[in-house]
């Protein structure tokens with residue numbers, strides 16, 4: 001094969017081995033300088049091993065026939081087919097590995113970045129210009145790689161790991177649905193696509209979405225979500241009407257809340273700091289939905305890093321509402337849904353398509369079953 005090199009070295013000095021095998025990576029970038037700098041950063045952490053590098057997406061797909069990796073670091077701007085159009089083929093060839101976009105377009109090109117996430121990329125990281133790969137970039141890169149972790153090939157993680165303990169499921173809520181609120185982060189755009197593909201065109205209630213994304217990406221995200229979901233999707237404005245089957249998306253610089261004026265539901269925007277530190281945060285959205293609608297509110301927590309949504313879910317459940325969490329197997333990062341599952345706040349833990357069927361059943365039949 002030309003242009004792709006499989007690494008025969010572990011990339012770590014001799015000594016005590018870590019408890020788990022290193023997370024295996026492939027770097028796909030047409031810049032030799034970028035490949036070298038990324039390799040140096042990754043080699044500084046014993047938890048990772050560079051299994052292969054490639055200069056084009058075509059070479060990466062060829063290399064993936066010979067080497068198994070957990071994460072593919074992929075640039076979007078490359079010769080040939082390019083990174084964006086190759087994502088589905090890379091995911092198929094990678095057999096359960098996750099794709100992390102590391103590209104200058106992750107900061108400058110909202111259309112390409114949101115499209116990459118919708119196609120199945122797990123997360124994105126803006127690549128700084130030459131000579132600006134500083135310590136902060138390295139810290140963020142390694143943190144994202146750790147969060148993504150091992151590939152999911154249907155087997156156990158190849159080292160003893162503490163078993164996740166999901167809490168007891170709560171009973172279903174037997175009250176007509178009045179509002180659906182969805183929170184997501186890492187891997188969420190793809191999960192939302194799967195969810196809405198399985199959701200009927202009409203469920204008769206407003207839909208709120210808080211997805212962690214930078215502010216410049218929100219308009220593009222709403223536009224692409226509208227197409228995927230086959231219904232209107234708008235970035236929230238303060239006082240905007242929450243109408244049946246309209247998707248209202250939290251803007252990147254404010255939390256999205258629910259309010260009721262004269263018997264009509266409207267959106268409210270809040271810019272105060274949240275306990276999770278996220279902006280926008282899932283917590284205020286869920287808490288306000290519970291406060292206004294009680295048992296008529298249903299929250300969904302999709303894939304994401306961290307614990308955003310936990311406190312909001314708790315308050316929604318205390319108000320009589322219900323929470324459904326995405327399962328570990330289908331999550332890019334089982335952080336946010338795991339937090340609510342282990343807190344015994346969920347009435348179901350399912351992949352996105354099955355969550356959609358539960359939501360449809362609740363909306364159309366008044367049951368969460």
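Here is how the numbers come out for the structure above:
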quantity	calculated
The stretch 179-365: radius of gyration over Cα atoms, expressed as a fraction of 2.2 N^0.38 Å	0.89
Order by protection proxy (mean Cβ within 10 Å, highest first), peptides 178-189, 314-325	178-189, 314-325
Relative contact order [Cα under 8 Å, 6+ residues apart], the chain, whole percent	14
Theoretical FRET efficiency, 1/(1+(r/R0)^6), r = Cβ-Cβ of residue 202 and residue 275, R0 35 Å, to 0.05	0.50
Computed over the stretch 278-369: relative contact order in percent, which uses C-alpha pairs under 8 Å that are six or more apart	26
Residues 255, 190, sorted so that the one with the fewest Cβ neighbours within 10 Å comes first	190, 255
Inter-label distance for residue 92 and residue 318, nm, one decimal - labels placed 7 Å from Cα along Cα-to-Cβ	5.0
Acute angle (nearest 10 degrees) that the helix 282-293 long axis makes with the longest principal axis of the chain, alpha-carbon atoms	10
Förster-model FRET efficiency, 51 Å R0, residue 140 and residue 264, C-beta, rounded to 0.05	0.75
With Cα atoms, 0 to 90° folded angle of helix 32-43 axis to the chain main axis	80
Beta bridges per DSSP with both ends in the chain, % antiparallel, nearest 5	20
FRET efficiency, residue 20 to residue 227 (Cβ-Cβ, R0 56 Å, nearest 0.05)	0.90
Relative contact order (percent, whole number), the stretch 179-365, Cα cutoff 8 Å, 6+ residue spacing	24
Label selected from [x] 1.01; [y] 1.11; [z] 0.93, the criterion being Cα Rg over 2.2 N^0.38 Å as computed here	[x]
Counting DSSP beta bridges with both ends in the stretch 179-365, the antiparallel % (nearest 5)	25
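A short reminder: the numbers here are calculations on the coordinates, not readings from a lab. Computed from a predicted structure; not experimentally measured. Positions of Cβ are backbone-derived with ideal geometry, glycine not excepted, and every protein chain shown enters the neighbour counts.
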